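Asks: Quick one: structure below, then a few questions.
The values are calculated or read from the model by the stated rules, or taken from the named source; none is laboratory data. Not measured: the values here are computed from a predicted model. Backbone-built Cβ (ideal geometry, glycine too); neighbour counts: all protein chains shown.
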Amino acid sequence: MIDKKQTPFSGTIDSTVAKFPYQYRTLPIARLADLQEDIEKLRRTGQISDAEIFQGYVSQMSFSLPESFPKAQSIIILALSVPPRLFHCQYNGQHIPATMPSNYYEPGLTGKMLTETVQNEIIGAPGYQLKQVYTYHLKLLAVRSGLGRYGRNNICYVDGMGSFLTLHAYLTDYRFETDGWQEIRALELCQDCSICLEHCPMGAIRADNFVIDIKRCLPLYNEVQGSFPDWFPAGVHHTFMGCMKCQYPCPANRAALKQLGQLEDLTEEETRQFASGSPDEATILSVSQKLKVPYMVGSPETVDVACRNLKALLPV
Ligand code: B12
Ligand code: SF4
Ligand code: SF4
């Protein structure tokens, strides 16, 4: 069920589990070349890190038109409000707090529901094709379209959502008349603020360069398998995956922080099994349900990552 739109570029998806506010903008397909030029400029000035894991994410990304959709006319970029959720690991009688950031759990909204929303509410006319694209740099697209702005932490902020959101891009052969192309803009609040820089435990946010030092950004290491580097500060871990240290204290998230949700806590036994590195199938299933990470079931790599990260949360 979809609510009536409150403003021209927003709406709410009612998934029966929860309500998900969304906002979107559109750009004409001709803007793909301008977006790619932004990336080329960064590349020419040496701002695209050559860190292997980072390259693993971005080397195949570009603002190109898929061969399978030559008739695409418009790009739709959508921000979905998804609050981080808190949970605890019970361990030796203690309740160890942890966060599940926005983009790692299934909030209760299927891709089909999102696509139907775009089709019915945003395009709003029958007979048009729609294709989700995963290979575009979504924050840049959001900022250039006027949907969001960069924070000093290089995360994208949308009015009314803060940074607690996920981004989704679609191509369609429907032609939107508007071209909301904007300069690449930072939040006005960032002009006189350096709170995220001071709170980043890794020193990834720099005073002299807006582009963060990706090689020092915690999620680059805790999203993938492998041992953590020796230079990691002690006690840095606080999530299932990812990092919230620059987002929680950010003044642009003050209102959004009130939306934080909860997940079911892990029992002593579940925590112990994950910390041991080899949880049994039943425990993997129960933890995946509690933490809303169904993709962990049948993925030994994700179980491995979860075991390492949950163990790192515990006192030694
Ligand atoms: C690779 C990747 C990562 C990498 C690298 C992050 C990074 N900063 O690039 C890692 C694993 C570290 C990561 C971490 C996170 N990620 Co990530 N990630 C991606 C991915 C796959 C690509 C991002 C990308 O294109 N990076 C390339 C760089 C070049 O792009 P950029 O950061 O936009 O850089 C721009 C600015 O530097 C700007 N710029 C340059 N100079 C200047 C100067 C000024 C003044 C200004 C204003 C701007 C500016 O221009 C650059 C582009 O031209 C996207 C999904 C997607 N398809 O886009 C998700 C995505 C960006 N990630 C997301 C999330 C949620 C996160 C985390 C918050 C998760 C977490 N809680 O830990 C963290 C945030 C870390 C951080 N501080 O950036 C969300 C974004 C949500 C949001 N609100 O912005 C995305 C869109 C996933 C999704 N579908 O929702 N991620
Ligand atoms: S903490 Fe301050 S500088 Fe950092 S993103 Fe938020 S407003 Fe900008
Ligand atoms: S996500 Fe964590 S490590 Fe990366 S910039 Fe923010 S605080 Fe620093």
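Asks: If you go through the stretch 58-74 one residue at a time, do you hit one that is modelled with pLDDT of 95 or more, in a helix (DSSP H, G or I) and on the phi < 0 side of the Ramachandran plot?
Replies: For the stretch 58-74, residues modelled with pLDDT of 95 or more, in a helix (DSSP H, G or I) and on the phi < 0 side of the Ramachandran plot: present.
Asks: Give me the helices (runs of 4 or more DSSP H) completely within the stretch 112-229, filtered to those with at least 2 residues that are touching a residue at least 24 places away in the same chain (Cβ under 8 Å) and away from ligand 2 (no atom under 14 Å from the Cβ), ordered by residue number.
Replies: Details: elements: 138-145, 195-199, 219-222.
Ranges flagged: 138-145, 219-222.
Asks: So, in the stretch 265-291, of the ones that are surrounded by fewer than 21 Cβ atoms within 10 Å (Cβ to Cβ) and in contact with an Asp or Glu (Cβ under 6 Å, 6 or more places away or on another chain), which residue ends up farthest from residue 108 (Cα to Cα)?
Replies: 283
Asks: Checking residue 206 against (1) of a type in the set (Lys, Arg); (2) exposed (fewer than 14 other Cβ atoms within 10 Å of the Cβ); (3) within 15 Å of ligand 3 (Cβ to nearest atom), only one condition comes out false. Which one?
Replies: Checking residue 206 against (1) of a type in the set (Lys, Arg); (2) exposed (fewer than 14 other Cβ atoms within 10 Å of the Cβ); (3) within 15 Å of ligand 3 (Cβ to nearest atom), the one that fails is (2).
Asks: When the residues of the stretch 247-259 are filtered to those that are loosely packed, with under 14 Cβ neighbours inside 10 Å and in a loop (DSSP other than H, G, I, E, B), which remaining residue is farthest from ligand 2 (Cβ to nearest atom)?
Replies: 255
Asks: Just checking, does the stretch 77-100 include any residue being within 16 Å of ligand 3 (Cβ to nearest atom), in contact (Cβ under 8 Å) with a residue 60 or more places away in the chain, hydrophobic (A, V, I, L, M, F, W, C) and closer than 20 Å to residue 164 by Cβ?
Replies: Yes: the stretch 77-100 contains one or more residues that are within 16 Å of ligand 3 (Cβ to nearest atom), in contact (Cβ under 8 Å) with a residue 60 or more places away in the chain, hydrophobic (A, V, I, L, M, F, W, C) and closer than 20 Å to residue 164 by Cβ.
Asks: Here's a follow-up. Give the residues of the stretch 189-202 that are more than 8 Å from ligand 3 (Cβ to nearest atom) and within 26 Å of residue 313 (Cα to Cα), sorted by residue number.
Replies: At the first step, the residues of the stretch 189-202 found to be more than 8 Å from ligand 3 (Cβ to nearest atom) are 189-195, 197-198.
Result: 195, 197, 198.
Asks: Ok, one more. Does the stretch 175-198 include one or more residues that are more than 15 Å from the chain's Cα centre (by Cα), surrounded by fewer than 15 Cβ atoms within 10 Å (Cβ to Cβ) and near ligand 1 (Cβ under 7 Å from one of its atoms)?
Replies: yes
Asks: Go over the candidates 147, 130, 141, 109 one by one and state the one that is more than 7 Å from ligand 1 (Cβ to nearest atom), among the aliphatic types (A, V, I, L, M) and modelled with pLDDT under 95. Quick ask: steps written out before the conclusion?
Replies: Details: 147 fails: modelled with pLDDT under 95; 130 fails: modelled with pLDDT under 95; 141 fails: modelled with pLDDT under 95.
Going through 147, 130, 141, 109 in turn, just one is more than 7 Å from ligand 1 (Cβ to nearest atom), among the aliphatic types (A, V, I, L, M) and modelled with pLDDT under 95: 109.
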